1. If Lys and Arg each add +1 and Asp and Glu each add -1, what is the summed charge of the other residues whose beta carbon sits under 10 Å from the beta carbon of residue B:122?
2. Amide H neighbours of residue A:330 under 5 Å, counting only residues 5+ apart in sequence or on other chains, H built in-plane at 1.01 Å?
3. Less than 13 Å Cβ to Cβ from residue A:86, Lys/Arg counted +1 and Asp/Glu -1: what total charge do the surrounding residues give?
4. Within the protein assembly as shown, what percent of beta bridges assigned by DSSP are antiparallel, to the nearest 5?
5. So how long is each side of the protein assembly as shown along the principal axes, counting just the alpha-carbon atoms, biggest first, in Å?
6. Could you give the angle, 0 to 90 degrees to the nearest 10, between helix A:168-185's Cα long axis and the longest principal axis of the Cα atoms of chain A?
7. Sorted by average packing, counted as other Cβ atoms within 10 angstrom per residue and highest first, what order do A:168-177, B:303-312 take?
8. Could you pull the Rg and Dmax for segment A:83-231, using just the Cα atoms, both in Å?
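What follows draws every value from the coordinates through simple rules; no lab data is involved. None of the values given here were measured: they were computed from a predicted structure. Neighbour counts run over all protein chains shown; Cβ positions are idealised from the backbone, glycine included.
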Amino acid sequence: MADVELRNVTKSFGKEIGIDTISLKIKDGDFVVLLGPTGAGKTTTLRCIAGLEKPESGEILIDGLSVIDDSPAQRDVAMVFQQYSLYPHLSVRENLEFPLKSPILNTPADIMKQKVNEVAEVLRISHKLDNKATELSGGEMQRVSMGRALVRNPRIYLMDEPLSSLDAKLRGDLRIELKRIQAELGATILYVTHDQIEAMTMATQIGVLNNGRLEQFGTPRDIYENPSSLYVATRLGSPRINTLPVSVFGGAPAGATLIGLRPEHIELGSGQDCQVMRIEHLGDQIRLHLQLAGHKITTLIEAHTPIKVGDVIAIQPKNPIFFDANGARIV
Amino acid sequence: MAQIRIENVRKEFGDFTAVQSSSFTVEDGEFFMLLGPSGCGKTTTLRMMAGLELPTSGEIYIGGEEVGMKPASQRDIAFVFQMFALYPHMNVGKNMSYPLLSQGMSRSDAKKRVYEVAKILGIENMLNKSVSGLSGGDRQRVALGRAIVREPKAFLMDEPLGALDAEFREYMSEELRALHDRMGATTVYVTHDQLEAMQMGDKIVVMNHGVVEQFGTPQDIYDKPATMFVADFIGSPPMSFLHFEGSVLENSKTVKLSGQTIEVPTQRESAQGKLVFGVRPEHVKLSDQSAFRGEILATEYLGTSQILTIKTMNGDLKARISSAKRVNVGEIVGLTFNEKSITLFNEVSGAAIRSDLNLGRI
């Protein structure tokens, strides 16, 4: 595995900006997740690293050496796509062997067998090696598709929303599994997704993209607890952070126009009176929709709190975060 | 509006039993969820209420009248499908007035009624617009409007939000629930999404393999699952199951897991053999004092909280704890449980063992 670095990489498609002067470092053994909505530039970044797109300007380095003029094969990266494309007429074993049989690698049979067995073990599909690819469930197919990347020893794995076509339960299981595999193999992964849960639960580092620009890069905890902008603050956390004019509570630092309140920033019992508009039972918690001076506020409270629509409760901020008129964080 | 009562309703398609003898009641004005995985019989049940399928046996009462064998047209209910079908050549207003005019209502009355309903839905400004140019949400509102204008006895909805993306779906589900609160119309809603059922429903029926597994309020179903299927289907992450072999005596207040005595709600029936200790993630706490120990296999940071996967002698479990607590994969931790929240199950039958918790005594 290797270090990968982007320096001021820009790529546009005609008038459309794909990515705009992106710089970031992926260290050997890191699990970096690029998070952003459709059109933020996640996939373009991935494709530039893979060599499937050529940036207009900027440098891409793998282990300190520029790969900007290298072909995808020369860059020695492995890509996993959202749509798993397995060879339906081949068995799981043959699908996994396929990348190793390429003329460049030309792996000897005994080593190939050993590799495939190892990866099948890690992915927990050893018992399915002799099944046809078409006889697998969706989750098994996606694991084989990842396995096809894992049998190789590339310098970095590039993954483009590999879990997004699976159902919620399976996604939850595979999240944990992928993180375990990454830790076990010490793999370097760049993973793109629009799903904040995937980003928060798997990443060692998250990069938040907005309109082709990298807004913030840091550990999940860092990004959640110390967002650099309002945009970043709204990308992580469920329910989404509440933002209100600072005048509602007062006591804001100079320059602040908005106060940001996550559920853990809202203390019940004293402060401003709010009306309870709606109560949602999530089971483990209640999601409470409040109205305060015409502003909507959503927060979480303990599941068995006796409360009903129309009740008035008082709230006050506790260690909230503030933003200026442009959405920049004020510390 | 009306009450809907299902009594011993059964539906067979040839050799296949889609719905086994089911009974439950949808009270007047309730927002009622039929929840289960695909193939569980929820849509078949809804279609029998609508009259789109006839039951093999059993009775269906709408507003006290037995309608089981009546065609859909005589039941006075409105069905909203997952794919909202609108007449593409008619504008919004005409799409909505069509059901009224075909019932013989005068044009002026129909117009008035359509305007009233359009106002409830917030689409009164687009009555003259063509439906082809509308956003997904507005199309959905028009489809609802067409169902509402008729003032049916009940609304039956088959995953009406299933085709929408996650963010918009959340928004529409809030709107639908708010609309229901304004109108108070009896609504039966089919979904496979447990969170949607929890958030929107007054009551939930959980179905599996054509059988009603449980019927109750969302919080009751969450806190007091009647079967392992329900415990596993509801909650994200779902209830964790610790497996043990042993016996539970009537009136006992503890069980033994790997030699450790653990408190549970007072049991009201005896059971022995393969048993299961069911605990939800938020009822697990880390405690150095506890001799019941496990190894942290994974941590998932979620901002406000974090989910730990912990390996114990009795199987893996999930714990939801504050994200302020720093823990590491590989660490061995002691575990305690909120004893009031525990449900024991018989592993073979999957049924919950009766206790003060699920009998409603605590």
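1. -1
2. For residue A:330, the qualifying residues are A:322, A:323, A:324.
3. +1
4. If I count the DSSP bridges inside the protein assembly as shown, around 75 percent turn out antiparallel.
5. Per principal axis, max minus min of the Cα coordinates gives 78, 68, 63 Å.
6. Taking the Cα atoms of chain A, the angle to A:168-185 is about 60 degrees.
7. B:303-312, A:168-177
8. For segment A:83-231, the Cα-based Rg and Dmax read 17.0, 55 Å.
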